[in-house]
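All remarks here apply to the structure that follows.
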Amino acid sequence: MRRLWLIFAQAVTISVAALFVVNTLKPEWLRCTAARPPAVTVIEAAAPAPGAGVSTYAEAARQALPAVVHIYTRQAAKVPNHPLMNDPLFRRFFGTPERNGLGSGVIASPQGFVLTNNHVIDGADEIEVVLNDGRKFDVRLVGRDPDTDLAVLKLDADAVLPAISFAPVDSLAVGDVVLAIGNPFGIGQTVTMGIASALGRHHLGMSAFENYIQTDAAINRGNSGGALVDSAGRLVGINTLIYSTGSGESALGIGFAIPVSIARSVLEQIIAHGEVVRGWIGVEMREITPEAAASFDLPANGGVLIYSVLNGSPASQGGIMPGDVLVAIDGENIQAPGRLLDSIAALPPGQTVAFRLLRARKEIELKITVGRRPTPDARR
C-alpha cells in the first residue's frame, strides 16, 4: 500500500511540474477548444430604440393598396375587309379580332374619379375597372391629356370609394423611399420598393411636358397608371414608363413617374372643364449651348433661342422672329426651353403678356396675346 501511494505521489509531482513547464513555454496548448475565439470577428448591433428606424412599410401599403385599381381594356383590332367577316356563322366560331390592354389606376377622390395614364386607355372600346377587393365597375372617360399622358375616369358607384391621400407638392427628395403599386403582367396587386433616384427628368421624348420622378422601384407592363407612394402611403406620382434603349432593350431599375403636382393639376382641370387648357404662342425653341453661343454670337448667360416661328401664330403676329433670344416673360427670367414651355402653358389664352427678347444683341420688348395650345389630336 505504501508503494502504491509513493507511485501516485510521484505521478502527481511529475504532472504538476509538466503543467508548469507547458504553461510557461506553450500556454496556447492549454486553451480549451470550446473557449477559442471565432475565426471571424463580427460586430453585433445594439437593439434599436423604439421608433428609431423603419423595418416594414406594411402600414404605408395598407393605406394605399385599396385606392389602386386594375384597368382592363378591349379594342377591336383593325383587320382587312373580308367577306367572311360579314358572315355571322364565321364570327360565331372564330370571333372578332380584338386587342386586350392592361394597366392600373388610382382612385383620386371618394366620388370615384380615377387617375391613370392616357396610353392605358387610348383607343379602347371598353374599359373595366376592378378594385383590390374584387369589385368591378363600369366607367366613363371624363377627359384625357396626351401632353402629359394622363387621363381621368369616373367609376359608376353609389358607395364612397377608398381614395388615396396626396403628398404635399415638392415633399419628395432624392433618396426617399418610395413604393410602386400596380398590377404587373396581370398577376395581381403588387408592391415594389425603391428610392427616388432623381427628380425633374426630361428630354425623354415621351410627352410634351416632362418632369418625371426617376425611381429604381420595379415598374413593369401593367404598372402604368398605378401609384408611386412615399413611406407614409401618400401619393407622390403616377407610374408611367420604364427606360428603354433604341434597340428595344429595357433597363433595370430605371422607371419614371409623373409627379403629383402635375397629376393633381390635370385632374382638377379635367374634372372642371373636361380638358386641360394651356397657353401657346407657336414657337420652336432651342437651348443655347456654349458652342452655339460662340458660333452665332449669342449670350451664354441665360435665355432661350427662338429656332422657328409658326406662320399666323400669336408669336408671329406679335413680331417675334427666328433668331431672337427670349430672356423673360412678364418679368420672369427664362433659362431653359422646358421652363419656357411650362411658363407659356400656364398663361391664360387671350391674355396679353410682355416678352423681353434680345435681337442682334439689343434688348426689345413685345406684347404678345397668348393663344390656346392645340390638342395633340387637333395637331395630327
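Every number here is computed from the coordinates shown, using simple stated rules; none is lab data. None of the values given here were measured: they were computed from a predicted structure. Cβ atoms come from the backbone with ideal geometry, glycine included; neighbour counts cover every protein chain shown.
Observations on the structure shown:
- The residues neighbouring Thr215, those whose beta-carbon lies less than 13 Å from its own, together hold a net charge of -2 under the Lys/Arg +1, Asp/Glu -1 convention.
- Neighbourhood charge, 12 Å Cβ-Cβ cut-off, centred on Val236 and excluding it, Lys, Arg +1 and Asp, Glu -1: -1
- Taking 7 Å steps out from each Cα toward its Cβ at Arg221 and Asp330 produces label points 4.4 nm apart.
- Phi angles of segment 170-186 translate, via the Karplus equation with coefficients 6.51, -1.76, 1.60 and θ = phi - 60°, into HN-Hα couplings of 6, 7, 8, 10, 4, x, 5, 6, 9, 10, 9, 10, x, 10, x, 6, x Hz per residue; Gly and Pro are given as x.
- Virtual spin-label span in nm between Lys136 and Thr352, 7 Å along Cα→Cβ: 5.8 nm
- Ordering of 218-230, 340-352 by burial proxy (mean other Cβ atoms within 10 Å per residue, highest first): 218-230, 340-352
- FRET efficiency, 1/(1 + (r/R0)^6) with R0 22 Å, evaluated for Ala208 and Asn311 via beta carbons: 0.60
- Qualifying GluC sites (Glu not before Pro) in segment 315-365, where qualification requires a DSSP coil assignment and no more than 11 other C-beta atoms within 10 Å, are lacking entirely.
- Taking amide H as placed 1.01 Å from N in the peptide plane, the amide H of Asn223 sits under 5 Å from that of Asn183, Phe185, each at least 5 places away or on another chain.
- Sequentially through segment 358-364, phi angles give Karplus couplings (6.51, -1.76, 1.60; θ = phi - 60°) of 10, 10, 6, 6, 9, 7, 9 Hz, Gly and Pro residues having no value and appearing as x.
- Amide hydrogen neighbours beyond the local backbone of Arg135, cut-off 5 Å, H modeled: none
- Derived scalar couplings ³J(HN,Hα) [segment 125-141; Karplus, 6.51 cos²θ - 1.76 cosθ + 1.60; whole Hz; x for Gly, Pro]: 8, 9, 10, 10, 10, 10, 6, 4, 8, x, 5, 10, 9, 6, 9, 10, 7
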